[in-house]
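Note sheet for the following structure.
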Amino acid sequence: MDITLHFCQGNLRSKKFYDAKYDGLVDTIFQLPFSGFFMEFDDEKYCNFALLEKRQGQKIVLGLVNTQSDELEDKEVLLKRLEEANKHVDPKQICIATQYVFASPIRFCLNRSRQFDQRRRTVA
C-alpha cells in the first residue's frame, strides 16, 4: 500500500490560500515518510523540476494542468513541462494530473471557470 501526501495551495472558489515555491521546502518534504507526493506544477514559476532530484525514491504526481484559470493550457506547454520533469525523474516514477484532483467538499471547491472548460481539461 502506498501512502502519499498532497501539497495543496488551496482551491476555495478558484483562489489560492498561499503562493510559495517548493525551493525552500524540498529538503524537508522528501524526508517525510511517504511513498509519494502530489505536487502542483501548474504555473511556470513553480516548475523547477530539478528539485525532484532530491527525492528518496518516492513517486511524484505532477499537477501540471491548472483548473483555476479560464484559459486552457497549450498542449505543447504541457508536453514541454513533462519533458523537463523527465530529465530529473525516471518517467516510471511520474504521474500527471490536474493541480486540483482530490476529494474536497464540492460546495467549497467550485471553480469559477466555466464548467465546459473544466470538462475539456479532463477529456483533452
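Determine the order of Met1, Met39 by accessible area, beginning with the largest, at a probe radius of 1.4 Å. Please list the in-between numbers first.
On the way: Met1 210, Met39 5 Å².
Order by accessible area, largest first: Met1, Met39.
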Amide H contacts under 5 Å for Phe37, placed H, 5+ residues apart: Leu5, Lys59, Ile60, Val61
Quick check: with the 1.4 Å probe, what order do Arg55, Arg81 take by accessible area, largest first? Arg55, Arg81
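Working with all protein chains in place, sort Asp43, Asp2 by solvent-accessible area computed with a 1.4 Å probe, largest first.
Details: Asp43 55, Asp2 95 Å².
Sorted by accessible area, descending: Asp2, Asp43.
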Under a 1.4 Å probe, counting only protein heavy atoms, Lys75 has an accessible area in Å², nearest 10, of 150 Å²
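Test of understanding: what is the full-extension gain from Phe7 to Val77, defined as 0.36 nm times their sequence separation minus their Cα-Cα distance? The partial results should precede the final answer.
Numbers: separation 70, 0.36 × 70 = 25.20 nm, distance 2.24 nm.
Using 0.36 nm per residue and subtracting the Cα-Cα distance, I get 23.0 nm.
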Probe 1.4 Å - accessible area at Leu79, Å² to nearest ten: 80 Å²
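The values are calculated or read from the model by the stated rules, or taken from the named source; none is laboratory data. Remember, it's a predicted structure, so these values are computed and weren't measured experimentally. Areas reflect the complete protein model, heavy atoms only, side chains present, ligands, DNA and RNA absent. Shrake-Rupley method; radii C 1.70, N 1.55, O 1.52, S 1.80 Å.
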